[in-house]
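Input: a single structure, listed below in C-alpha cells.
Any read-out appearing in this document is the output of simple, stated calculations on the displayed coordinates, not a laboratory observation. None of the values given here were measured: they were computed from a predicted structure. Counting neighbours? That spans all protein chains shown, and the Cβs are built from the backbone with ideal geometry, glycine included.
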Amino acid sequence: MVLRACCFSCIFLTCRIKPACVFLNSLTLLFILHWPEAANTENSLYSDLLLPYPHSWGHGPRHSHRHVRDCQPVIFGNVTHETWISDKTTDFPVAVTNVFVSVFPTTEGGKKSVHGHMTVINNPLHTVSVLEPGEPEGCIKRRTATVEETARPRKCLVAQNGGYFDTSTNECLGNVVSDGKLVRNSKGIQNAQFGIRKDGTLVFGYLSEDDVLDQKNPFVQLISGVIWLLRNGTIYVNESKKAECEETQETGKFEKFINVVSARTAVGHNKEGKLILFHMDGQTNERGLSLWEVAKFLQEQGVVNAINLDGGGSATLVINGSLASYPSDHWTVWITITSALGLGFLTIAIVNLICVCRKFSCVKHDPYSYYALNEVNNKIDNGEYYKSAFAEWTDKGSTDLGIS
C-alpha cells in the first residue's frame, strides 16, 4: 500500500513543497474526491465525536501503572515504555509532508480508498514544541481555539491535532508538557504517551507519575494519546487495549473506539529517530480506518513506535495557516478558504499543538542556537549581520543574528 476523534493537541511542522502549485492541485483533487460523499451523507453530524471513554467514567482507566507493568507481555520485563535516540540532522528541510491516497480491503471483501498525510521531521528536540490552545496557559484558562488560531502566533507551517480534551468543560486531558513547562499532570493515569526528554530521547508508551515528574532528564514536550499502536515495530493494539480500558468496557465503547472506521491521527518515529506525523481524513462509521488498520499501515511504512492521538471530527491538518484537510466536524453552510481548498467546512476545534519550527533551534526550551562564522571561521559579534555559509551549534546561550 501507498502511503481524524475530538482533538486537543495539535502538531505543527515545516514542510518542503515544490512546486507549491502541485500541492494545491493535490488538495483540490482530494476535495473533489470527497464532494460526492459530503453531498450524499445525510447522517453527517455537526460534531463527529469519537471518544474512548464515557463522560461518566472520566478519561483513562482506573487501575495503576503497576497493573500495566504486571500485565504486559513478559518479554518487556518491568519496562512499560520505549525510548529511542532522536535524529540530530541539521539539514534543511526541517520536515517533509507527503499526501497519500491508499486502497484498503474491507471486511466485506471489497475495497476502500483513504487519503491523508505523512510528515517526516528532522531533529525533533530542536524543532518540535507542544503548544497550549490559543496561547500560553490556554489549558489553565480552558481556552478554545482552532488549529489555525493556535498556529498563527508561532508561525508554524503545518499543524496537526494530537491529544484529547473534555468536550463538556474544555479541560485538557492527560499529561501536557509545553516547552519544558509542566502544564498538566494526569496523576499517573495510564494512557499511551509521547514525549521528548531534555537530552533528545523520544519516549513512547506508559509512564508512572514519577516518570513524568523526573528532573534528572525532564520532559521538554509531552502529550497523551489513547492506544499504543506500534511497540518496537510490532502491532501492540491488543496489549494496549488491556492496559487502557476498564474490564467492563471491553465489549463496549472502548472496543468500538478501536474498531470503528473514522478519521485518525498518530505520532511515531522511524529507525533513524525522525518524528513521524500521520493524518487521515474520515468520518466515524462512514469512512476512514480502524486503529488496527492504522497500526498495520504505519508498520508497513517503517514506523517503529507510534501512539494514536485524537481523531474523528477534530482531526485537522493546517499548512502555512490554511486548512489542508477535510474535517468531519462541520456546519451546514459552506465557507470559502481561498488559500487552500477553495471551499471547505467551517471547523471548530479546541486544540493543544505541537509546533515544528521553520528553522532549527527555535523552540523555547532550547539552550542551543546557531551563531554565524565568517570566511576564516571566526565568530561574528552580536548585532553584526553577515551572510555566511558556515554555522555551528553553541551552548553559550541564545544568540539571534537573523541568520537562518
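Quick check on the stretch 123-243: what are the equivalent-ellipsoid semi-axes from the Cα gyration tensor, as sqrt(5λ), descending, whole Å?
Details: eigenvalues 104, 59, 46 Å².
Ellipsoid half-lengths, sorted descending, are 23, 17, 15 Å.
Are any of the pairs 216/274; 112/296; 253/296; 112/242; 88/198; 181/241 more than 19 Å apart by Cα-Cα distance, and if so, which?
Values: 216/274 24 Å; 112/296 15 Å; 253/296 22 Å; 112/242 29 Å; 88/198 13 Å; 181/241 30 Å.
Exceeds cut-off: 216/274; 253/296; 112/242; 181/241.
What is the calculated FRET efficiency for residue 210 to residue 103, with r their C-beta to C-beta distance and R₀ = 60 Å, to the nearest 0.05? Could the numbers behind the result be given before it?
Working: r = 45 Å, r/R0 = 0.76.
The pair residue 210/residue 103 has a calculated efficiency of 0.85.
For residue 146, enumerate residues with amide H under 5 Å from its amide H, sequence gap 5+ or separate chain, H modeled in the peptide plane.
Residues meeting the amide H criterion: 349.
Given N residues in the stretch 67-118, what is its alpha carbon radius of gyration divided by 2.2 N^0.38 Å? Mind dumping the intermediate values first?
Details: Rg = 19.4 Å, N = 52, 2.2 N^0.38 = 9.9 Å.
It is 1.96.
About its Cα centre, what dipole magnitude does the stretch 145-190 give when the only charges are +1 on Lys and Arg Cβ and -1 on Asp and Glu Cβ, stated in debye to the nearest 20? Can you show the working numbers first?
Details: 6 positive and 5 negative charges, 42 e Å.
The calculation lands at about 200 debye.
If you count, for each residue, the other Cβ atoms within 10 Å and average over each peptide, how do 106-114, 90-98, 152-160 line up from highest to lowest?
152-160, 90-98, 106-114
Relative contact order for the stretch 73-139: what is it in percent, counting Cα pairs under 8 Å that are at least 6 residues apart?
Working: 60 pairs, mean separation 20.5, N = 67.
Normalised by residue count, the contact order of the stretch 73-139 is 31 percent.
Take each of the peptides 312-318, 264-270, 200-206, 134-140, average the number of other beta-carbon atoms within 10 Å over its residues, and list them starting from the highest. Walk me through the numbers on the way to the answer.
Values: 312-318: 30.6, 264-270: 27.3, 200-206: 22.0, 134-140: 17.1.
Averaged packing, sorted descending, gives the order 312-318, 264-270, 200-206, 134-140.
So for the stretch 207-293, what are the equivalent ellipsoid semi-axes in whole Å, largest first, each being the square root of 5 times an eigenvalue of the Cα gyration tensor?
26, 18, 12
Given R₀ = 22 Å, FRET efficiency for residue 232-residue 88 by Cβ-Cβ distance, to 0.05?
Here the calculated transfer efficiency is 0.55.
Please rank 172, 355, fewest neighbouring Cβ atoms within 10 Å first, as an exposure proxy.
172, 355
Would you mind calculating the gained length between residue 155 and residue 253 on full extension (0.36 nm times residue separation, minus the Cα-Cα distance), in nm to one decimal? Write out the running numbers ahead of the final one.
Numbers: separation 98, 0.36 × 98 = 35.28 nm, distance 3.79 nm.
31.5 nm is the gain from fully extending residue 155 to residue 253.
To the nearest whole percent, what portion of all C-alpha pairs in the stretch 80-187 is separated by more than 24 angstrom? Don't skip to the end; give the middle numbers.
Details: 2536 of 5778 pairs.
So the portion of pairs separated by more than 24 Å is 44 percent.
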